[in-house]
1. Any residue at all in segment 742-764 that is at pLDDT below 80, surrounded by 10 or more Cβ atoms within 10 Å (Cβ to Cβ) and of a type in the set (Val, Ile, Thr)?
2. How many residues, within segment 493-524, are out of contact with any Cys (no Cβ under 6 Å at 6 or more places or on another chain), under 30 Å from Asp279 (Cα atoms) and surrounded by 17 or more Cβ atoms within 10 Å (Cβ to Cβ)?
3. Could you give me the residue pairs with C-beta distances under 8 Å whose first residue belongs to segment 634-652 and is more than 17 Å from Phe256 (Cβ to Cβ), whose second residue is acidic (Asp, Glu) and surrounded by 16 or more Cβ atoms within 10 Å (Cβ to Cβ) wherever it lies, and which are 6+ apart or on separate chains?
4. Which ones in segment 743-772 are among the hydroxyl-bearing types (Ser, Thr, Tyr) and within 27 Å of Thr731 (Cβ to Cβ)?
5. Given the structure, is Ala151 modelled with pLDDT of 90 or more, in contact with a strand residue (DSSP E or B) (Cβ under 7 Å, 6 or more places away or on another chain) and not in a helix (DSSP H, G or I)?
6. So is Leu228 of a type outside the set (Ser, Thr, Tyr), closer than 24 Å to Leu340 by Cα, in contact (Cβ under 8 Å) with a residue 40 or more places away in the chain and part of a loop (DSSP other than H, G, I, E, B) or not?
7. Would you list the strands (runs of 3 or more DSSP E) that sit entirely within segment 241-350 and hold 1 or more residues that are in contact with a Ser or Thr (Cβ under 8 Å, 6 or more places away or on another chain), within 25 Å of His82 (Cα to Cα) and in contact (Cβ under 8 Å) with a residue 40 or more places away in the chain?
8. Would you mention how many residues in segment 335-375 are at pLDDT 85 or above, buried (at least 18 other Cβ atoms within 10 Å of the Cβ) and of a type in the set (A, V, I, L, M)?
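The values are calculated or read from the model by the stated rules, or taken from the named source; none is laboratory data. Note that the coordinates shown come from a computational prediction; the quantities given were computed from them, not determined experimentally. We place every Cβ from the backbone using ideal geometry, glycine too, and count neighbours over all the protein chains shown.
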Amino acid sequence: MWHAESSRNPIMDAFELPDTLAQALQRRALHTPDRLALRFLTDEKDQGLVLTYRDLDLRARTIAAALQRHAVPGDRAILLFHSGPDYVAAFFGCLYAGVIAVPAYPPESNRRHHQERLLSIIADAEPRLLLTGSDLQPALLQMDELDAADAPPLLCVDTLPAAPAQDWQGPQLQADDIAFLQYTSGSTALPKGVQVTHGNLVANESLIRHGFGIDVNPDDVIVSWLPLYHDMGLIGGLLQPIFSGVPCILMAPACFLARPLRWLEAISEYGGTISGGPDFAYQLCSARVSDSALERLDLSRWRVAYSGSEPIREDSLRAFAEKFASCGFTPDSFMASYGLAEATLYVAGGKRGKGIPSLRLNAQALARNVVEPGEGQPVMSCGTGQPGHGVLIADPVSLQVLGENQVGEVWASGPSIAHGYWRNPEATARAFVQHAGQTWLRTGDLGFQRHGELYITGRLKDMLIVRGHNLYPQDIEKLIERDVDVVRKGRVAAFAVTQDGSEGIGIAAEISRSVQKILTPDALIKIIRQTVAEAFQEAPSFVVLLNPGALPKTSSGKLQRSACRTRLADGSLDSYAVFPVSNATLSGCAPSSGSDLQAQIATVWCEQLQCEQVNADDHFFLLGGNSIIATQVVARLRETLGIDLSLRLLFEAPTLAVFAAQVETLQTAASQGDSQTQSAIVRLPGNEHLPQSMAQNRLWFLWQLDPHSSAYNIPGGLHLRGELDSTALRTSFQRLIERHESLRTRFYEQDGVALQRIDAPSEFHLETLDISDLPSDERQARAV
């Protein structure tokens, strides 16, 4: 049984194209103020929080009035919220004030690599304000850069009084004014903010409205779990229903990832007709939704199940359609959606109710950019170009336009194409080119057209797409070069590899002969995988250790990442170690021998990671964990243990023993009624074998290269006047050692694992050397 969200109002059924998204919301608040605009679902099985158009307009005016007291039109404001009502109100508040919104998200943890993306956006956008919620403010202020005197101020929108809404003055917005900056999921070193104008937004929302068939189906209901800081979640999931005046059901991405069934339940309960996501979302539902849940689902009203943001896989769609056929779902509901931030969002798409066509091509010919029928893997159609916009295929070198069935770079044009990158004329000139009197976007994707349908075959870019997230190889390479000192600088390459039909991370790294003699391949591979996993929540699927000079490069010295992938496949790389070893099985490890709670957590890890055993010092992400599985682990533990666990906890404590200790402290605090459990600092028993931190592990590696090196010793001298009280000096040192555990920590290796142990305080012996009988010059020399 589904619940109709609202009845239609004939006043607004006749669609009138607005000039801006702000005007769209204001019109709906004026003509249909009490109609449901958004419903936010939570983890609980309740009706969630409901906002009418009147509610949303009031909150937007309140925030806009506050913004106008601190900023002027054209200033930037970064949005730092979890997906929810505050994010929506803050975005529209920026539009209402003429302030350029910059969608972002709070760092996953307080680790530096999780903070770097936000800091790079702040440095590039130079915001006047950071908009956030009072619940996130303390964590954000833990970042030194945000707590500094010259940092942009934080404005908590959930604590603003509603009264100032009447002070809002609507700005005169023009089509070419920038509405928001969409920072692509790109390199943290070179962030690129796509300049999306108010005119771009209106043009693209019109395409989506027509492409999804909302213009002829005014009773549609949109359901979305996609992140609001991402272009597909923001423009397709949130702004489109406001633009078209149809109800929207929203839930946080973490809610879906923890329990994929919740997405389908929302579609079933609220009569969702339009919903979708990346290919992995359909895979996740097929794998995680139990058969016993199917009888409770009614998916018969779901008419547009769009797939986008990552390559579409025919086997994913087939498995989903077969599993949920008994719920009323039909494969004709699938709809391809192709786009990118530089085109606002939507470039090409399928037709409602027609499914997604596919072609089987000759794989060898396709590798030569030639389209021939064959028995290769299916290539899925991305649909057709949209009204008022153009799509063509061009030779990426000569820039000549190609005909049908010729593979080249996909170009797009039209009023949805963004106005370049924020303050980055060089990147803008490369991506936005002039042809036949129009501006065309060079997408960097390879594809061809056949009978008007667009097919994507690959990428010119080296970018990796892992579970819908874009990862730039240069970020991964710089991380490894910085944090794994034994890797030769400029001699590491990151590239895409395919594992079980999904894209993963491949790493090729040159290792000097001297290092090869000292460190085992297993130790090197482990530290490389752990370094990447810590930063990106995804361990490399393949790691290849190369002999010096083996990394493929051009004659000018440029990395050839695609050649690494090709030569890895044909076995021609000059390597001395490869992970995983062909036909190898996972080595058995002793099961967790800690507390009952640790064993209970280990069981959940094993279930979600699909491994047989977990050791106390095993690293979650090295066992195959990623952000999706982490969300599912935390959700399962919340349910099992009955305590409120944060996903951040697993990111910050990814080894089993340390994570279990953190959870135990939270469990104890919760049982004692302590509401501040999430911020508790856990004291571990120091006399146990403890895993080394990432930084300690790196120094341990370097020490092994040269155990007699004094590079990390810090000598010093202090001249004192008068008579020395040696007893007081010895007592002071004794108290320092007792107070600071780091001065009593030993580092060692056991069974190939680098560990540390905190010794109990012991008596400090102060050595003295009397050189008073030496000549003055010699005394000075000995002292220095």
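1. The answer is yes, given that some residue of segment 742-764 is at pLDDT below 80, surrounded by 10 or more Cβ atoms within 10 Å (Cβ to Cβ) and of a type in the set (Val, Ile, Thr).
2. Total satisfying the criteria: 9.
3. From residues that are more than 17 Å from Phe256 (Cβ to Cβ), the pairs are Arg648/Glu108; Phe651/Glu108.
4. If the condition is that a residue be among the hydroxyl-bearing types (Ser, Thr, Tyr) and within 27 Å of Thr731 (Cβ to Cβ), then Thr745, Ser762, Thr768, Ser772 are the ones that fit.
5. Taking the combined requirement at face value, the residue does not satisfy it.
6. Taking the combined requirement at face value, the residue satisfies it.
7. 248-251, 274-277, 304-307, 346-349
8. Residues meeting the conditions: 11.
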